[in-house]
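Report on the structure given below.
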Amino acid sequence: MKKQFGLTRFEILAVIIVCCAIVIGVAAVVLLDTTGKSGSGLGKEFLYDVEDLVKIDPNLITYKESEKKIDTGFTQALAITIDSEGNLYVTGDKSIRKLSQNGEVLKEIQIGGESRCIAVSSDGRIYAGIKDHIEVYDNDGKQIESWESLGKNAILTSIAVNGSDVFAADAGNRIVIRYNKEGRIINHIGKKDKQRNIPGFVIPSPYFDLAVGKDGLLRVVNPGTHRIEAYTFDGDLEFWWGKSSAAVDGFSGCCNPINFAILEDESFVTCEKGLMRVKIYDAEGTFTSVVAGPEQLNKKKGSKICYLPAECQAGGFDIAVDSDGTIFVLDTIKNTVRIFTKKDLG
């Protein structure tokens, strides 16, 4: 009996499908835009939506920016804080600069590395977070302590001093550390714990801020969940506020807000990256107004909503406020301090 070498109908169909797949694959490679010149591929409606979000209703903007900007002198400014006398402290280029509100350099302190965060206590001690540990300097700029490392994964992004307590936000380990003034760890705050109804911090990028409110509660940003949470010093989660939304009253993108400060009336000033906005929320977390929108903060790069952390590595502005309610925005792109005061709406 002769052996048949012809293909069955099923085999012929399979060959055709494979050939079609190969042709489609080759076409996809040929047509692939590796330069980005063809755009994002998103519809015009999406692009128009973003453009609309960039433009803030003027009636919502209750602050005006001073024409004077303070040049930090850094090639890369990183963080800002303010002391009880109204002097500004800015970190960058492995140093700390103490500046008057007129921009005069009052002191420069060389430190052990790049510092993403800084705090000044009422007695003039300066606490600088240098990646995995805190360094303490006296008012003259002399280093007096270097606290123990928190490990190779640690990335310190915020420090707050309150009485005998020092709080540090560690974005790398996704935890808040509570120290005493001697640098001994008292406890940790924010670790995921179902029994205590603590969800844990979601931190997609190294922005993780905290501050102590007048009510004695520690406020901590949970950026991946778009909210600010309130904890007791012992680590109990009391309440939280905030929502994920590109609308002006919410927090946009993958992980916002990135930084915040608390005003004398206990309202909050928040700062977002990507769709760059500085806004005001009252003590209960209700949106009230805008300090500055994308068009003011960065006309060229202030209109992108970052759905992935890698999309917005620059533009992480920091903020500080004084007792008069003046808002100081550290522009980490232009390395300047920008000054905003409340408009006279009377």
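Throughout, read-outs are computed from the coordinates displayed, never taken from laboratory work. Every value quoted in this text rests on a predicted model; they were computed, and no experiment measured them. For neighbour counting, all protein chains shown are included, and Cβ atoms are generated from backbone atoms with ideal geometry for every residue, glycine included.
Seen through its C-alpha gyration tensor, with square-root eigenvalues sorted a ≥ b ≥ c, segment 59-342 comes out rounded because a/c lies under 1.5. Would you please classify the overall shape of segment 188-340 from the alpha carbon gyration tensor, given that a ≥ b ≥ c denote the square roots of the eigenvalues, rounded means a/c under 1.5, and beyond that prolate means a/b larger than b/c while oblate covers the rest? Cα axes put segment 188-340 in the oblate bin. Modelled spin-label separation between Asp282 and Lys192, with each label point placed 7 Å from Cα along the Cα-to-Cβ direction: 3.6 nm.
Sparsely packed loop sites in segment 189-249 (the trypsin sites (Lys or Arg not before Pro) outside DSSP H, G, I, E and B with at most 12 other Cβ atoms within 10 Å) comprise Lys192, Lys194, Arg196, Lys214. 3J(HN,Hα) couplings calculated from phi for segment 52-68 with the Karplus curve 6.51 cos²θ - 1.76 cosθ + 1.60 (θ = phi - 60°) are, in sequence order, 5, 5, 5, 8, 8, 4, x, 5, 8, 8, 9, 10, 10, 8, 5, 5, 7 Hz; Gly and Pro show x.
Taking a sphere under 9 Å around the Cβ of Thr157 and counting the other residues whose Cβ falls inside, with K and R at +1 and D and E at -1, yields a net charge of -1. Once you list every other residue whose beta carbon is under 10 Å from the beta carbon of Ile258, what net charge do they have if Lys and Arg are +1 and Asp and Glu are -1? Local charge sum for Ile258: -2. The count of lysine pairs in segment 189-332 whose Cα atoms are under 19 Å apart, excluding pairs fewer than 8 places apart on the same chain, comes to 10.
May I ask you to sort Tyr179, Tyr307 by Cβ crowding, counting other Cβ atoms within 10 Å and putting the fewest first? Write out the running numbers ahead of the final one.
Values: Tyr179 20, Tyr307 12.
Ranking Tyr179, Tyr307 by Cβ neighbours within 10 Å, fewest first, gives Tyr307, Tyr179.
Ordered by the number of other Cβ atoms lying within 10 Å of each residue's own Cβ, fewest first, Ile159, Ile305 fall into the sequence Ile305, Ile159. Backbone geometry of segment 230-240 corresponds, through the Karplus equation with coefficients 6.51, -1.76 and 1.60 at θ = phi - 60°, to 3J(HN,Hα) couplings of 10, 10, 6, 5, 7, x, 7, 7, 8, 6, 8 Hz, x marking Gly and Pro.
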